[in-house]
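So the structure is just underneath, and the comments pick up after that.
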2 protein chains.
Amino acid sequence: MYVVIVYDVAVERVNKVKKFLRRHLHWVQNSVFEGEVTLAEFERIKAGLLDLIDEDEDSVVIYKLRSMPKREVLGMEKNPLEDII
Amino acid sequence: MYVVIVYDVAVERVNKVKKFLRRHLHWVQNSVFEGEVTLAEFERIKAGLLDLIDEDEDSVVIYKLRSMPKREVLGMEKNPLEDII
């Protein structure tokens, strides 16, 4: 499964969320990560995020795709995917 | 085509980008929009974004999907999709 994860998390928790996601996925830009994951990894990521966020204040949206989607970049690419492929 | 657009734009341009995307797509959360678009709309959105951003500093990533992807939300949903469907 390929996931794109975007988050809107209060400033006091945002570094922990970023650090956690960095261990599992590719950082795309400000508050966006993506990557190929197994179902087990996906469940670990969800559980880890639920530990870190405040569910009443923060929001994480996970797009679940079959494979890496087509993408276009306007302007600069902050962290080119080619670096990890 | 269904697009998810994430942007990382300098603060002096971010409001214009947000306002522009709001006219075309559904706001999901901080710096994320999504929605179904025709090819013509997609081209207009791209052209509009290129007019607004500084290509040397800003970054916009457009994920191009066939249809609305599966999604999971952790925590709160900032702007539920059901409002527009």
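Tabulated data for the structure shown
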{"read-out": "Charge dipole (debye, nearest 20) of the stretch B:1-51; +1 at Cβ of Lys and Arg, -1 at Cβ of Asp and Glu", "value": "240 debye"}
{"read-out": "Loss of accessible area when A meets B, both sides summed, Å² nearest 100, probe 1.4 Å", "value": "3100 Å²"}
{"read-out": "Calculated [θ] (222 nm, deg cm²/dmol) that DSSP helices of n ≥ 4 give over chain B, each run adding -39,500 (n - 2.57)", "value": "-9500 deg cm²/dmol"}
{"read-out": "For the stretch A:28-42, 3J(HN,Hα) per residue [Karplus equation, 6.51 cos²θ - 1.76 cosθ + 1.60, θ = phi - 60°, Hz, x = Gly/Pro]", "value": "9, 6, 1, 6, 9, 10, 8, x, 7, 9, 7, 4, 5, 4, 4"}
{"read-out": "Reduction of at least 20 Å² in accessible surface, 1.4 Å probe, comparing all protein chains with the chain by itself, residues of the stretch B:30-59", "value": "B:ASN30, B:VAL32, B:LYS46, B:LEU50, B:GLU55, B:GLU57, B:SER59"}
{"read-out": "Shape call, the protein assembly as shown: gyration tensor on alpha carbons, a/c limit 1.5", "value": "rounded"}
{"read-out": "Per residue accessible area in Å² of the stretch A:33-85, where ligands, DNA and RNA are left out and the probe is 1.4 Å", "value": "57 Å²"}
{"read-out": "Rounded Å value of the spacing that divides the Cα centres of the stretch B:1-33 and the stretch A:36-85", "value": "18 Å"}
{"read-out": "Other-copy label distances relative to B:GLY48, 7 angstrom Cα-Cβ extension, nm", "value": "3.7"}
{"read-out": "Theoretical FRET efficiency, 1/(1+(r/R0)^6), r = Cβ-Cβ of B:ARG66 and A:ASP56, R0 35 Å, to 0.05", "value": "0.50"}
{"read-out": "Among B:VAL32, B:VAL17, B:VAL73, residue whose mean-square fluctuation peaks in a GNM of chain B (springs only between Cα atoms under 10 Å)", "value": "B:VAL73"}
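The values are calculated or read from the model by the stated rules, or taken from the named source; none is laboratory data. Remember, predicted model here, so these are calculated numbers, not experimental data. Note that each Cβ is placed from the backbone with ideal geometry, even for glycine, and that neighbours are counted across all protein chains shown. These accessible areas exclude ligands, DNA and RNA; they are computed on the full protein's heavy atoms, side chains included. Shrake-Rupley method; radii C 1.70, N 1.55, O 1.52, S 1.80 Å.
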